[in-house]
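Notes follow the structure.
The values are calculated or read from the model by the stated rules, or taken from the named source; none is laboratory data. Quick caveat: nothing in here was measured; it's all calculated off a predicted structure. Note that we place each Cβ from the backbone using ideal geometry, even for glycine, and neighbour counts take in every protein chain shown. Keep in mind that these areas ignore ligands, DNA and RNA; they rest on the heavy atoms of the full protein, side chains included. Shrake-Rupley method; radii C 1.70, N 1.55, O 1.52, S 1.80 Å.
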Amino acid sequence: MSVEEEARLLEVALRRFLQRLEAEDPEADPARREALLKEAEAIGLLADPDPETPGFTTGIWGRWTWTESLDRSLHALARLGEACAGFALALHAQGIACAALEGARVFPRGARLALGGLLADGISPSPFAGEEEGGLRFTGPHDHLLLEGRSWFLISAGPPQGLLLFARAAEDSSWALIALPADLPGVRLESLPERLGLRAAWMGHLQADGVLIAREGLARILARGEEAHRRLRRLLALDWLGHAAIALGVARRSLDQARAYARTRYQGGRRIIAHGPVRNLLGTAAADVMTLELLLKAHAEQPLASLSEDVLERWAAVAKLAIAEHAWRAVSNSLQVMGGYGYMEDHGLAGRLRDVSTLRVLHGSPDRIRLRYAE
């Protein structure tokens with residue numbers, strides 16, 4: 001099957017899946033998440049950690065991303081974000097965790113993974129590097145390490161069975177990427193309580209208390225030093241791009257809903273879409289959506305393997321910043337078009353504003369990203 005045929009089939013399957021996702025609404029009932037995840041896995045949206053499964057090729061951030069382009073994953077995340085941002089985030093989290101393996105067979109087929117230690121300071125050298133409060137640290141010789149510390153806001157497509165963690169050496173702050181089972185002694189996962197937004201994704205914090213990483217143990221060092229830092233930069237960039245794509249979907253859906261509302265509601269004898277202030281809100285929201293669309297297309301047609309870490313980092317940073325500048329404003333303006341109704345949970349816009357507010361700061365706040373380019 002050609003790449004074009006495979007892409008067309010996936011698009012058809014995606015359209016059908018989105019209809020069910022809308023009807024099931026895992027944000028309203030997270031208990032429905034597992035059945036939807038199994039269906040997403042069956043049609044090739046949910047990546048799999050086993051490199052022999054089709055999901056490794058077709059899943060979001062799967063092997064196709066490395067050899068063909070990033071466009072398919074970004075497009076799928078934006079479409080999913082229109083229907084349910086939390087579910088899109090769950091699929092995205094599984095995808096970048098599988099991408100961290102780079103083809104290594106570590107976890108069994110179907111395992112749900114979480115990627116931890118994604119710190120903004122890990123992207124490139126900065127005066128703040130090594131001064132992060134908390135974080136994951138390891139000590140000891142290469143074949144017998146002890147992992148300590150904490151990682152915040154791990155995201156997964158369900159309670160994770162496997163973990164991929166970026167940690168720094170206590171001696172010289174060099175990086176390591178470590179893979180380990182989630183039930184390894186010394187690993188403690190704390191699931192976050194029920195949230196108002198992005199509820200269809202599992203979120204939690206991790207505490208590592210003297211986790212042993214031995215040559216013959218269940219934990220494994222996948223990369224260390226410059227190679228680990230390279231992977232961190234790449235994966236954090238993919239993480240930010242995924243957040244921006246999901247936020248784009250949220251903004252599109254909000255704009256469509258506001259337009260539909262403005263065409264059917266009347267005030268002063270006219271539909272409110274005819275009023276200047278309403279048209280200004282809608283026009284600004286539309287311009288913001290178009291801007292984010294164009295930003296995400298900048299390098300989307302290139303395979304990941306052809307993009308340098310510097311190019312990928314800057315593209316991702318701009319896209320992540322655009323969530324605050326454009327996606328958030330598009331949702332906010334769409335909400336204002338609906339007036340007081342926009343704040344009612346029945347219409348969903350208030351929830352979408354919460355979603356983009358979380359996506360704008362997840363794994364790197366706008367202020368912190370801007371500080372990287374201050375000099």
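Can you tell which of R230, R234 is among the charged types (D, E, K, R) and crowded, with 20+ Cβ neighbours inside 10 Å?
After ruling out the rest, the residue left standing is R234.
Identify, by number, the condition in (1) closer than 18 Å to G348 by Cα; (2) surrounded by 15 or more Cβ atoms within 10 Å (Cβ to Cβ); (3) not acidic (D, E) that A260 doesn't meet.
A260 satisfies all of (1) closer than 18 Å to G348 by Cα; (2) surrounded by 15 or more Cβ atoms within 10 Å (Cβ to Cβ); (3) not acidic (D, E) except (2).
Would you mind listing the helices (runs of 4 or more DSSP H) fully within the stretch 41-90 where at least 3 residues are of a type outside the set (D, E, K, R) and within 17 Å of L241 (Cα to Cα)?
Correct list: 63-67, 71-83.
Taking the options G149, G140, G135, name whichever one is at pLDDT 90 or above and on the phi > 0 side of the Ramachandran plot.
G149
Look at A167 and say whether it is in a strand (DSSP E or B) and either surrounded by 13 or more Cβ atoms within 10 Å (Cβ to Cβ) or among the β-branched types (V, I, T) (or both).
yes
Quick check on my filter: what residues within the stretch 41-55 are touching a residue at least 40 places away in the same chain (Cβ under 8 Å) and either hydrophobic (A, V, I, L, M, F, W, C) or touching a Pro at 6+ places or on another chain (Cβ under 6 Å) (or both)?
L45, L46, A47
From the list G249, G225, which residue is closer than 30 Å to L163 by Cβ and in contact (Cβ under 8 Å) with a residue 60 or more places away in the chain?
Exactly one residue qualifies, and that residue is G249.
Would you check which residues across the stretch 148-164 are part of a strand (DSSP E or B) and aliphatic (A, V, I, L, M) and list them?
Scanning the stretch 148-164 gives L154, I155, L163, L164.
Checking Q161 against (1) open to solvent by 10 Å² or more (accessible area, probe 1.4 Å); (2) at pLDDT below 95, which single condition isn't satisfied?
Going through (1) open to solvent by 10 Å² or more (accessible area, probe 1.4 Å); (2) at pLDDT below 95 one by one, Q161 breaks only (2).
Quickly run through the stretch 182-218 and pick out the residues that are surrounded by 20 or more Cβ atoms within 10 Å (Cβ to Cβ) and more than 24 Å from the chain's Cα centre (by Cα).
Residues satisfying the conditions are V211, I213.
State all residues of the stretch 301-339 that are out of contact with any Phe, Trp or Tyr (no Cβ under 8 Å at 6 or more places or on another chain), of a type in the set (D, E, K, R) and open to solvent by less than 30 Å² (accessible area, probe 1.4 Å); if no residue qualifies, say none.
Across the stretch 301-339, the qualifying residue is only E313.
Taking the stretch 268-300 only, how many residues are under 19 Å from G95 (Cβ atoms) and open to solvent by 40 Å² or more (accessible area, probe 1.4 Å)?
1
Residue check: is H75 open to solvent by 20 Å² or more (accessible area, probe 1.4 Å) and within 25 Å of A330 (Cβ to Cβ)?
For H75, the condition - open to solvent by 20 Å² or more (accessible area, probe 1.4 Å) and within 25 Å of A330 (Cβ to Cβ) - is met.
Just to verify a result, which residue in the stretch 79-102, among those that are surrounded by fewer than 24 Cβ atoms within 10 Å (Cβ to Cβ) and touching a helix residue (DSSP H, G or I) at 6+ places or on another chain (Cβ under 8 Å), is nearest to A305 (Cα to Cα)?
Among those that are surrounded by fewer than 24 Cβ atoms within 10 Å (Cβ to Cβ) and touching a helix residue (DSSP H, G or I) at 6+ places or on another chain (Cβ under 8 Å), it is E102.
For the stretch 1-40, give me each residue that is in contact with a helix residue (DSSP H, G or I) (Cβ under 6 Å, 6 or more places away or on another chain), open to solvent by 50 Å² or more (accessible area, probe 1.4 Å) and in contact (Cβ under 8 Å) with a residue 24 or more places away in the chain.
Listed by number, the list holds a single entry, E22.
In this structure, is A285 free of Cβ contacts under 8 Å to residues at least 60 places away in the same chain, small (G, A, S), under 27 Å from R314 (Cβ atoms) and part of a helix (DSSP H, G or I)?
For A285, the condition - free of Cβ contacts under 8 Å to residues at least 60 places away in the same chain, small (G, A, S), under 27 Å from R314 (Cβ atoms) and part of a helix (DSSP H, G or I) - is met.
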